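What follows is one structure encoded as structure tokens, with my remarks underneath.
Any read-out appearing in this document is the output of simple, stated calculations on the displayed coordinates, not a laboratory observation. Note that the structure is a prediction, hence the values are computed from the model and not measured. All Cβ positions, glycine included, derive from the backbone under ideal geometry; neighbour counts span all protein chains shown.
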Amino acid sequence: DGGSETCDDANNSNNDSCPDGEGGTCQIATCGDGFVWNTDGGTELCDDHNTQTGDGCSSTCTLENCGNGTVDVGETCDDGNQSNNDSCPDGEGGSCQPARCGDGFVWNTDGGSETCDDGNQNNSDSCPDGAGGTCEPAFCGDGFVWVLDGGTETCDDGNQSNEDSCPDGDGGDCQTTEVFGHTITIDGVNDFTTEETFATTSTGFGAYVTWDDTNVYLAISGSDIASGNGERIVSFYLGTGGTPGTTAGYLHNTQQSTLPFEATHYLLWSADNAFMELYNTDGLVWVVIPSHGVMAYQLDTFVEFAVPLSSLGASAPFTLELTGSMQSTTSGSEWTFAGYPQSSFTDQYNPVFSGYYQFQIGGPLAPGDYTPLP
């Protein structure tokens, strides 16, 4: 008499083979009906009222999560053993992507031989897990210059010989007998070498960096340097060997750079040559350093700086982190450009910086021997 029920077991449950509880249908239970059928022969773990995949509940009403034994959308493996130490990390926090050095999981079974993996993809700390890294504890002779996380190496050419300029063989100390240094005269003349010259994110603009045992030398070139416009700003952010700082840049009008490392110092110069300051930070605010000793000289489209290591609270050897850019602070046409390194960002309003350099001041390598991080 108009009824459409196909079942009704009168137990007021929506979790068995006949959902007849509150809101139930009195139709034979199926995946996709919106009721989790997990008794009376049912094995559903979820039921989101559809049979689509990729929404957290599969077309067979199983949970789509790493470790469920099914290769779901976005996964490339899932062996279901919920272990992060084999070739498919699918345990708590796992990725369900093939294991590799640098993924943050110690792959030591199922063909893996890792003994560490801190997941920071850096070859300069106690567990080299960056490009080409070994995921074995750092040691003198492994070919990676260990300068962070307790390391004090200044070289490591990986040839395990004590007869060259970098003794890294048995008993070697990975301390070079050669130290790079180049002193720049701050006179507006560009005497940086090609290995100290870097492309930026903007065509026609260049960045320059080198150092000696007393100063870091920085420079930038491009048409805006000669503009005389006080709303064109040169910015360099510096970090000193993992010293706590901030990833929040200095606020210029409405632009505030987001940095890829914790900067401890900020160098600012305006293209009207009227303003040049060095700041440091307590992690919360940027504060001008009085009597910082920074020297600057601008000539036409080129401006250069000598930043005393003492003003950074550092002395060689130490690790210097560095990124930079130019900014237009004019209201209505704010812009960030001439980013250094070139991989930092795409020229735009208030970009997030993603690239930086990490130089070993007092080490053997010239600036051009380093590659941008991360």
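Of the conditions (1) part of a strand (DSSP E or B); (2) surrounded by 15 or more Cβ atoms within 10 Å (Cβ to Cβ); (3) in contact (Cβ under 8 Å) with a residue 40 or more places away in the chain; (4) not charged (D, E, K, R), residue 258 fails just one. Which one is it?
For residue 258, the failing item is (2).
Across the range 96-121, which residue is surrounded by the most Cβ atoms within 10 Å (Cβ to Cβ) among those that are touching a residue at least 24 places away in the same chain (Cβ under 8 Å) and of a type in the set (S, T, N, Q)?
It comes out as 121.
Say whether the condition of being free of Cβ contacts under 8 Å to residues at least 24 places away in the same chain, buried (at least 17 other Cβ atoms within 10 Å of the Cβ) and touching a Cys at 6+ places or on another chain (Cβ under 9 Å) is met by at least one residue in the range 141-150.
Scanning the range 141-150, I find no residue that is free of Cβ contacts under 8 Å to residues at least 24 places away in the same chain, buried (at least 17 other Cβ atoms within 10 Å of the Cβ) and touching a Cys at 6+ places or on another chain (Cβ under 9 Å), so the answer is no.
Before we move on, is residue 38 in contact with an Asp or Glu (Cβ under 9 Å, 6 or more places away or on another chain), in a loop (DSSP other than H, G, I, E, B) and within 30 Å of residue 135 (Cβ to Cβ)?
No.
Limited to the range 159-181, what total is found for residues that are in contact (Cβ under 8 Å) with a residue 60 or more places away in the chain and either exposed (fewer than 13 other Cβ atoms within 10 Å of the Cβ) or more than 17 Å from residue 139 (Cβ to Cβ) (or both)?
Total meeting the criteria: 4.
Of the residues 124, 87, which is surrounded by fewer than 20 Cβ atoms within 10 Å (Cβ to Cβ) and among the polar types (S, T, N, Q)?
87
Take residue 371 and tell me if it is part of a loop (DSSP other than H, G, I, E, B), under 17 Å from residue 260 (Cα atoms) and free of Cβ contacts under 8 Å to residues at least 24 places away in the same chain.
yes
State all residues of the range 225-248 that are under 16 Å from the mean Cα position of the chain (by Cα), in a strand (DSSP E or B) and surrounded by fewer than 23 Cβ atoms within 10 Å (Cβ to Cβ); if no residue qualifies, say none.
Scanning the range 225-248 gives 246, 247, 248.
Please state which one of 322, 312, 267 is surrounded by 19 or more Cβ atoms within 10 Å (Cβ to Cβ), closer than 20 Å to residue 184 by Cα and in contact with a His (Cβ under 8 Å, 6 or more places away or on another chain).
Testing whether each residue is surrounded by 19 or more Cβ atoms within 10 Å (Cβ to Cβ), closer than 20 Å to residue 184 by Cα and in contact with a His (Cβ under 8 Å, 6 or more places away or on another chain) leaves just 312.
Kindly check whether there is at least one residue in the range 63-82 that is more than 30 Å from residue 121 (Cβ to Cβ), assigned to a loop (DSSP other than H, G, I, E, B) and of a type in the set (Val, Ile, Thr).
No, every residue in the range 63-82 fails to be more than 30 Å from residue 121 (Cβ to Cβ), assigned to a loop (DSSP other than H, G, I, E, B) and of a type in the set (Val, Ile, Thr).
Examine the range 297-317 for a residue that is farther than 27 Å from residue 151 by Cα and part of a loop (DSSP other than H, G, I, E, B), and state whether such a residue exists. Break it down into steps so the answer makes sense when it comes.
Of all residues in the range 297-317, those farther than 27 Å from residue 151 by Cα come to 297-306.
Checking which are part of a loop (DSSP other than H, G, I, E, B) leaves us with 300-301.
Yes; the residues of the range 297-317 include at least one that is farther than 27 Å from residue 151 by Cα and part of a loop (DSSP other than H, G, I, E, B).
Filter the range 50-84 down to residues that are in contact with a Leu (Cβ under 8 Å, 6 or more places away or on another chain) and on the phi < 0 side of the Ramachandran plot and give me whichever is surrounded by the fewest Cβ atoms within 10 Å (Cβ to Cβ). So that I can check it myself, show each step before the final result.
Keep residues of the range 50-84 that are in contact with a Leu (Cβ under 8 Å, 6 or more places away or on another chain), which gives 56-57, 61-63.
Then drop every residue that is not on the phi < 0 side of the Ramachandran plot, which leaves 57, 62-63.
Values: 57: 23, 62: 17, 63: 14.
Ranking the candidates gives 63 first.
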